[in-house]
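Since the structure comes first, as structure tokens, the remarks are kept for the end.
The values are calculated or read from the model by the stated rules, or taken from the named source; none is laboratory data. Predicted model, so just to flag it, every value in this text is computed and none were measured. Virtual Cβ from ideal backbone geometry, glycine too; neighbours counted across all protein chains shown.
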Amino acid sequence: MQGQLFTLILIGIGLFLIDLYLANGFAAAFKRLSFSNKRGIKLGYRIFSLLLIAGTIVSIYFKIPLGARAGILMVFFVLAIVKVTLLPFVLFDDARRLFIWIKRRTKKSTDQVNANAITRSEFLMKAGLIAGAVPLAAIGVGIVSGAYDYRVRYQTLYLPNLPKAFDGIKLGQISDIHSGSFYNKKAVAGGVGMLLREKPDFIFFTGDLVNRRTDEVYGYQDIFSKVKAPLGVFSSLGNHDYGDYDNWPSLAAKQKNLDDLIATHKNMGWDLLLNENRRLKVNGEEIGILGCENWGELTRFPKYGRMEPTVKNTDDLPVKLLLSHDPSHWRAQILPHYPQIDVMFSGHTHGMQFGVRAEHFQWSPVEYVYKEWAGLYHEGNQQLYVNVGYGFLGFPGRVGILPEITIFTLKSAHNPLLKKV
């Protein structure tokens, strides 16, 4: 761990040196304005750069609130894109000026410069800044529209041991509602309508109904009470649901908050699974629905989950579907110790609410923290699906990683990507 921190510090020093180099480009872009030569402006830029790099290192290495972590990393990567866009312009301009300097040293130049005309350096730097402003504009669009731009993603789940009665059945999943962040009830209701129009046979909610306190969801309880399915709605808890991120006057007050949250799931008609399981029966055949409480591999997240009672009395079931909020649980415990789990359904990462997600390519800063962070993953005969979330936290929007409603079709066929047993 100390070696990792040392490596991060060395990278941070390198990034700061690059920032100092790029500062000349910013100055060249605005050299006609008096403020560009002010010592305070230059000093402020250097201080901001140091603080942002230090904050990024702290976000990666140390325990800080998830919202702050997401905000810092998003700002860092957005500005990094701006800087990467500007860097070729600065390098080209420096190469151009070096060529001119060499030319003047070897041959007398008679070029005349119009003092009132824009210089090539100033033009290049302004062009670079305009190009670099595109990601900043994308952030603005994300704040305005991305937060509620719900997208339905379709996924086929191949389960060789799936009973015939379940072949072709539809499962819906939403995750990470974070009701304390919402500010548009009409948009939230619209997303629920999109889910219901898909007519799933049963639905999973994989945790984080609130940010800090149960009362955040009361204004949206009527909307999410409409989330229903013929075979039921099954839910689990996420790290934000336990009240660990708020200051409580007593342990009793914190426990009451959790009791109220559990009651809210029941009031909405959701079957909350607390380290337990259910048998889902169709035409006399059964599969297992298992729900584990939050368990995160990273030390800053609570480990309330206990798999022993979660899998109890399920050995006879041909297929077992597990709800577990944090995808790190899959690689840390499920893969090495619970090979009987066919598919685990998670959320938690939000895809950092920033990145790129296309049909055959996806990237987000969160991949430097979580190996599995969005979509379907396979390991041997086991699978994991990570939903990037219905709501948002910290940054009040989404850029590239849009809020997700997942619709699975279960198929009793062998997936060629899985190992045969």
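Some points to look at:
One line per residue, one yes/no per condition, for (1) outside any loop (DSSP other than H, G, I, E, B); (2) closer than 24 Å to His350 by Cβ:
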{"residue": "Lys186", "(1), (2)": "yes, yes"}
{"residue": "Gly191", "(1), (2)": "yes, yes"}
{"residue": "Lys199", "(1), (2)": "no, no"}
{"residue": "Asn211", "(1), (2)": "no, yes"}
{"residue": "Gly219", "(1), (2)": "yes, yes"}
{"residue": "Lys226", "(1), (2)": "no, yes"}
{"residue": "Pro249", "(1), (2)": "no, no"}
{"residue": "Leu261", "(1), (2)": "yes, yes"}
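Let's see how each residue does on (1) surrounded by 13 or more Cβ atoms within 10 Å (Cβ to Cβ); (2) charged (D, E, K, R); (3) under 18 Å from Ile174 (Cα atoms); (4) not assigned by TED's automatic domain parsing to the domain that holds Val210:
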residue: Leu237; (1), (2), (3), (4): yes, no, yes, no
residue: His240; (1), (2), (3), (4): yes, no, yes, no
residue: Asp244; (1), (2), (3), (4): yes, yes, no, no
residue: Asn257; (1), (2), (3), (4): yes, no, no, no
residue: Ala263; (1), (2), (3), (4): no, no, no, no
residue: Met268; (1), (2), (3), (4): yes, no, yes, no
residue: Arg279; (1), (2), (3), (4): no, yes, no, no
residue: Asn283; (1), (2), (3), (4): no, no, no, no
residue: Ile287; (1), (2), (3), (4): yes, no, no, no
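- Qualifying residue in the range 116-123 (condition: at pLDDT below 70, surrounded by fewer than 18 Cβ atoms within 10 Å (Cβ to Cβ) and touching a Gly at 6+ places or on another chain (Cβ under 8 Å)): no
- Residue tally, condition out of contact with any Asp or Glu (no Cβ under 7 Å at 6 or more places or on another chain) and either assigned to a loop (DSSP other than H, G, I, E, B) or at pLDDT below 95 (or both), over the range 288-305: 7
- Any hit, the range 349-369, residues being over 30 Å from Asp149 (Cβ atoms) and among the acidic types (Asp, Glu): no
- Residue among Pro318, Pro339 that alone is free of Cβ contacts under 8 Å to residues at least 60 places away in the same chain, in the same structural domain as Ile174 (by TED's automatic domain parsing) and not in a helix (DSSP H, G or I): Pro339
- Gly375 buried (at least 20 other Cβ atoms within 10 Å of the Cβ), out of contact with any Leu (no Cβ under 8 Å at 6 or more places or on another chain) and under 21 Å from Ser236 (Cα atoms): no
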